[in-house]
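Trainee: Structure in structure tokens, see below.
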Amino acid sequence: MNLRGIAAITGIGELKPTRNPEGKTTLGILAEVARLALADAGLTKQEVDGLVVGPPTEDSAFMWPQQVAEYLQLFPLFLDMVEMGGASGTGCISRALMAIATGRCRHVLCLTGGVWGTGIFNTLEARTAVMSTLEAEFDLPYGPMGFNSAYAMAAQRHMHLYGTTPEQLAKIAVDQRYNACACPQALFYGKPITVADVLDSPVIVSPLHLLEIVMPCTGGSAVVVSAAERAVDMPRPPVYVLGVGEGCSHNSIARMPDITTTPITVSARQAYQMAGVRAGDIDFLSVYDCYTITVLLTLEDAGFCPKGEGGPFVASTDLTYQGDLPCNTHGGQLSWGQPSYAGGMSHVTEAVRQIRGTAGLRQVKRNELCFVNGNGGALSQQCSLILGKSTH
Amino acid sequence: MEKRPVPKTSPVSEFFWEKAARGELWLQKCQNCSQFIFYPRVVCPHCFSDKLEWTPTSGKGKIYTYTVVYRTDLDAFTDKLPYIYAIVELEEGPRMSANIINCPLDKVRIDLPVEVVFEEIAPGLRLPQFQPHRH
């Protein structure tokens, strides 16, 4: 059964990312974005029959979807929490699609976000809380610096095998910051950077510099996924879900089968196959970027360039919204900010704005087809989407 | 200052840590598919056989990848900065996390031959670590 185009994104709602979580709670944030997304979709809350949420940040994960439903007084026929780490945003869309495909739901509300700060993992206790028992036993005693050291080790080996340079990685952060400077919602709006700025910023975990590392913040993103036959009569032009794919190869980076090849090879292949398109058909990208190396590996593993050629590819490709292959036009999480699991969802909402043609100053010219990717853990879990303007 | 994190052993991994305490690196070897595995399990992740036997290793390997940690948010490691956090690939196949110790920062590189050494981090608890292989 091919699910291509059976569902569409019909509403989005989002908060401007902030470093100041004062007065905010995670449930409150989810309520704010739910209200915005339903208004955007022209739906009443009574019409929502599915609820898919990302994991909470400060709250207990126990019966989390039910906690959210109670807060919003929603009574959906289908509730789920998607735990794919950073891929939870795209993962919510993937699961919403299945709920619609099986006829269980017509309108699924997907909610991500929460209160998050830079101190979130800064104690041993907090760090252990996001680790498996086995990582706590066999990795933690050696002092990994959270996800920073994991992605640094991927970058280090990529450089060793393929000659990738710090300048090439820095270019990704620079192009994305250029995009953020046309996006007033972005955390780093109005703060352009150069390759020299990136390379002059402190090395946190070699070879990664401070400006190659995502900034945790507070915020939220919501998306409404509707059955396609409903979507055509709704206020916004539908953004069709044409392809979806998931893939997972490990949890801890120390157990990754090949540290320079991610399961995006699996998730992207499925998504392309379902959509009936190839990388060459894609107009623009909206892909998870917790670190610069994440984008580089995504470009390779999703087929935009051969394995190992990501460095020269980004150096010679204009990734800005004016460029030949626009990538992360809202700045990506590196410049938009990482409002917990809404960081991953922001790649979906930005793709929707671009496909609708409502991205303002940073509107891309060719906006028919977008490759979206969510990445969770230490390159562990991937969920790719192909979103498009039409089903033709 | 927070205490250095100490491995919390399980009934499945106890033997590994007992041997480490004596300065030996033992891994499970599958008697069905002959592969060594790490971390310790109750079934082989390659063939799902439950015939796993603890086997001594050479303690030798090479650096698969590494990072030099210049900043850490873990209190217990601030006095060690900068330090090398690595994934070591053992001769027997499996990879494990480790610090590369007794190694100047400008000498660390991918594929560097390394050998196991044991660092006492708590009474009776020795952590397998790796240092450049001395011929």
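Trainee: Among the numbered criteria (1) of a type in the set (D, E, K, R); (2) surrounded by fewer than 24 Cβ atoms within 10 Å (Cβ to Cβ); (3) in contact (Cβ under 8 Å) with a residue 60 or more places away in the chain, which single criterion is violated by A:Lys365?
Mentor: That leaves (3) as the condition not met.
Trainee: Here is a follow-up. Which number in (1) assigned to a helix (DSSP H, G or I); (2) free of Cβ contacts under 8 Å to residues at least 60 places away in the same chain; (3) closer than 21 Å to A:Gln381 by Cα marks the one condition that A:Met159 misses?
Mentor: (3)
Trainee: Then there is this: Taking segment B:79-96 as the search range and keeping residues that are of a type in the set (D, E, K, R) and not in a strand (DSSP E or B), which one is farthest from A:Ser252 (Cα to Cα)? Don't jump to the end; show me each part of the working.
Mentor: Step one: list which residues in segment B:79-96 are of a type in the set (D, E, K, R), which gives B:79-80, B:89, B:91-92, B:95.
In the following step, the residues that additionally are not in a strand (DSSP E or B) were identified as B:79-80, B:91-92.
Details: B:Asp79: 25, B:Lys80: 23, B:Glu91: 21, B:Glu92: 20 Å.
Across segment B:79-96, the extreme among qualifying residues is B:Asp79.
Trainee: Quickly run through segment A:162-189 and pick out the residues that are within 14 Å of A:Leu208 (Cβ to Cβ), touching a residue at least 60 places away in the same chain (Cβ under 8 Å), of a type outside the set (A, V, I, L, M) and assigned to a helix (DSSP H, G or I).
Mentor: A:Glu167, A:Gln168, listed by residue number.
Trainee: What's the total number of residues in segment B:44-72 that are touching a strand residue (DSSP E or B) at 6+ places or on another chain (Cβ under 7 Å), within 30 Å of B:Ile101 (Cα to Cα) and away from chain A (no Cβ under 14 Å)?
Mentor: Filtering segment B:44-72 for residues touching a strand residue (DSSP E or B) at 6+ places or on another chain (Cβ under 7 Å) gives B:44-47, B:49, B:51-57, B:59-71.
Still in the running and within 30 Å of B:Ile101 (Cα to Cα): B:53-57, B:59-71.
Going one step further and asking which of them are away from chain A (no Cβ under 14 Å), we end up with B:53-57, B:59-60.
Final tally of qualifying residues: 7.
Trainee: Look through A:Gly5, A:Gly42, A:Gly28 and report the one residue that is touching a residue at least 24 places away in the same chain (Cβ under 8 Å), surrounded by fewer than 22 Cβ atoms within 10 Å (Cβ to Cβ) and out of contact with any Ser or Thr (no Cβ under 7 Å at 6 or more places or on another chain). Walk me through it before giving the result.
Mentor: Numbers: A:Gly5 fails: out of contact with any Ser or Thr (no Cβ under 7 Å at 6 or more places or on another chain); A:Gly28 fails: touching a residue at least 24 places away in the same chain (Cβ under 8 Å).
Every option except A:Gly42 fails the conditions.
Trainee: Taking the options A:Ala150, A:Ala186, A:Ala196, A:Ala136, name whichever one is in contact with a Pro (Cβ under 8 Å, 6 or more places away or on another chain) and surrounded by fewer than 20 Cβ atoms within 10 Å (Cβ to Cβ). Break it down into steps so the answer makes sense when it comes.
Mentor: Details: A:Ala150 fails: surrounded by fewer than 20 Cβ atoms within 10 Å (Cβ to Cβ); A:Ala186 fails: surrounded by fewer than 20 Cβ atoms within 10 Å (Cβ to Cβ); A:Ala196 fails: in contact with a Pro (Cβ under 8 Å, 6 or more places away or on another chain).
The unique qualifying residue is A:Ala136.
Trainee: Of the residues A:Val68, A:Val53, which is touching a residue at least 24 places away in the same chain (Cβ under 8 Å) and in contact with a Ser or Thr (Cβ under 8 Å, 6 or more places away or on another chain)?
Mentor: Going through A:Val68, A:Val53 in turn, just one is touching a residue at least 24 places away in the same chain (Cβ under 8 Å) and in contact with a Ser or Thr (Cβ under 8 Å, 6 or more places away or on another chain): A:Val53.
Trainee: Further question: Among the listed residues A:Thr25, A:Thr44, A:Thr57, identify the single one that is among the polar types (S, T, N, Q) and in contact with a Gly (Cβ under 8 Å, 6 or more places away or on another chain). Walk me through it before giving the result.
Mentor: On the way: A:Thr25 fails: in contact with a Gly (Cβ under 8 Å, 6 or more places away or on another chain); A:Thr44 fails: in contact with a Gly (Cβ under 8 Å, 6 or more places away or on another chain).
Matching residue, one of A:Thr25, A:Thr44, A:Thr57: A:Thr57.
Trainee: While we're looking at this one, here's another question. For the list (1) farther than 27 Å from A:Phe147 by Cα; (2) away from chain A (no Cβ under 14 Å), I need the number of the one condition that B:Pro113 fails.
Mentor: (1)
Trainee: Against the definition (over 30 Å from B:Pro128 (Cα atoms), in a helix (DSSP H, G or I), away from chain B (no Cβ under 14 Å) and not basic (Lys, Arg)), how does A:Ala61 come out, yes or no?
Mentor: Values: over 30 Å from B:Pro128 (Cα atoms): yes; in a helix (DSSP H, G or I): no; away from chain B (no Cβ under 14 Å): yes; not basic (Lys, Arg): yes.
No, not satisfied.
Trainee: Looking at A:Glu125, A:Glu167, can you tell me which residue is farther than 26 Å from A:Met81 by Cβ, more than 7 Å from every other protein chain (Cβ to nearest Cβ) and of a type in the set (Asp, Glu)? Before the answer, list the steps.
Mentor: Values: A:Glu125 fails: farther than 26 Å from A:Met81 by Cβ.
On inspection, the qualifying residue turns out to be A:Glu167.
Trainee: Go through segment A:249-290 and give me each residue that's away from every other protein chain (no Cβ under 14 Å) and under 20 Å from A:Gly377 (Cα atoms).
Mentor: A:Thr262, A:Pro263, A:Ile264, A:Thr265, A:Val266, A:Ser267, A:Ala268, A:Ser286, A:Val287, A:Tyr288, A:Asp289, A:Cys290 - these are the residues of segment A:249-290 that are away from every other protein chain (no Cβ under 14 Å) and under 20 Å from A:Gly377 (Cα atoms).
Trainee: Looking only at residues in segment B:77-93 that are more than 7 Å from chain A (Cβ to nearest Cβ) and in contact with a helix residue (DSSP H, G or I) (Cβ under 9 Å, 6 or more places away or on another chain), which one is surrounded by the most Cβ atoms within 10 Å (Cβ to Cβ)?
Mentor: B:Ala86
Trainee: Please give the helices (runs of 4 or more DSSP H) falling wholly within segment A:307-383 in which 3 or more residues are more than 12 Å from the chain's Cα centre (by Cα).
Mentor: Once the helices (runs of 4 or more DSSP H) in segment A:307-383 are filtered for at least 3 residues that are more than 12 Å from the chain's Cα centre (by Cα), what remains is A:310-316, A:342-356.
Trainee: Check every one of the strands (runs of 3 or more DSSP E) wholly within segment A:214-294 and list those with 3 or more residues that are at pLDDT 95 or above and more than 23 Å from A:Arg366 (Cβ to Cβ).
Mentor: Answer list for segment A:214-294: A:219-227, A:239-248.
The values are calculated or read from the model by the stated rules, or taken from the named source; none is laboratory data. Just so it is clear, the structure is predicted and the values come from calculations on it, not from any experiment. Here Cβ is always computed from backbone atoms with ideal geometry, including for glycine, and neighbour counts include all displayed protein chains.
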